[in-house]
1. Provide the packing ranking of 170-178, 216-224, i.e. peptides ordered by the mean count of other C-beta atoms within 10 Å per residue, highest first.
2. Between E256 and L185, what FRET efficiency follows from the Cβ-Cβ distance if R0 is 25 Å, with the result rounded to 0.05?
3. Assuming R0 = 30 Å, what is the FRET efficiency of A37 and A271, from their Cβ-Cβ distance, to the nearest 0.05?
4. Based on the Cβ-Cβ distance of F30 and R130, what FRET efficiency does E = 1/(1 + (r/R0)^6) give at R0 = 30 Å, to the nearest 0.05?
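Only the coordinates and a few stated rules stand behind these numbers; no lab work does. Because the structure is predicted, anything quoted here is derived from the model rather than measured. In this analysis, Cβ positions are derived from the backbone assuming ideal geometry, glycine residues included, and neighbour counts consider all displayed protein chains.
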Amino acid sequence: MSRAEVGRTVRPVSPLWTFGLLRSELTTTFRRWRTLALLAVLAGVPVLVGIAIKIETSDGSPPGGGGGGGPAFISQITNNGLFLVFTALAATLPFFLPMAIGVVAGDAIAGEGHAGTLRYLLVAPAGRGRLLLTKYATVVIFCLAATLVVAVSALTVGALLFPLGDLTTISGTRISFAEGLGRALLIALVVAASLIGVAALGLFVSTLTGSGIAAMATTVGLLITVQILDQIPQLHALQPYFFSHYWLSFADLMREPVYWDDLAKNLGLQALYAAVFGSAAWARFTTKDITA
């Protein structure tokens, strides 16, 4: 072992350096035009939904033509704009949100390799495991940011286009606007937590290739495939194990009392996916030959 290797072995890594690495990753991620474009698209979905419902109901007809179609809560939006938050999250969760997470996660490691910056990052005294953990933390923070962008955009549009006030839960009970706002925040946090499995999957795929585009395309392709498989009745025995199966269970937070069974299954399943694919990403990345 060389003197330099000994020095790297015994030299402790400062927590401030670790925080600086995370801050640098966050700054780099949120300054990319691609990231800003993804957040802009996510913010635009509630705007389009709100305007469409406002136009459709301008003559007094109910949303969806009275057929009860569309995402959950959509029939309540004209009575209370806060329901646009729930509807927007239900509309973006199956595709838009996980696609955005898949793009960011898939590019986390592969993008650095393609740009030729991965080797320079590993020269710093972080170690591969710490760098991988920082990348994953960045993607998880993006999950929260993307979800909050949808929620805040929907709340703003809902307040501008529709009345606000006390609201009726799925169970038929009335709760105050403040409590409804609290539940909207809790739902946003649950939706963000529902994406940590996708984040780990995308990070694992990112360690398998040196092409950021290939990693992003593969991750998004896997997301679409799982969504399709989750709709095939013949696969009902396997569907409870798909990471997307319990995504819409957040609607149970709008019941009185709250139904926790599917929520607990969803969060437990996401933690399992995060552990499995996070471990796979660590095993792959820590033994991978870095040539770029």
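1. Details: 170-178: 11.7, 216-224: 19.2.
For the peptides 170-178, 216-224, the packing ranking is 216-224, 170-178.
2. Values: r = 17 Å, r/R0 = 0.69.
Step by step, r from the Cβ atoms, then E = 0.90.
3. In this case the efficiency is close to 0.50.
4. Values: r = 21 Å, r/R0 = 0.69.
Working from the Cβ atoms, E equals 0.90.
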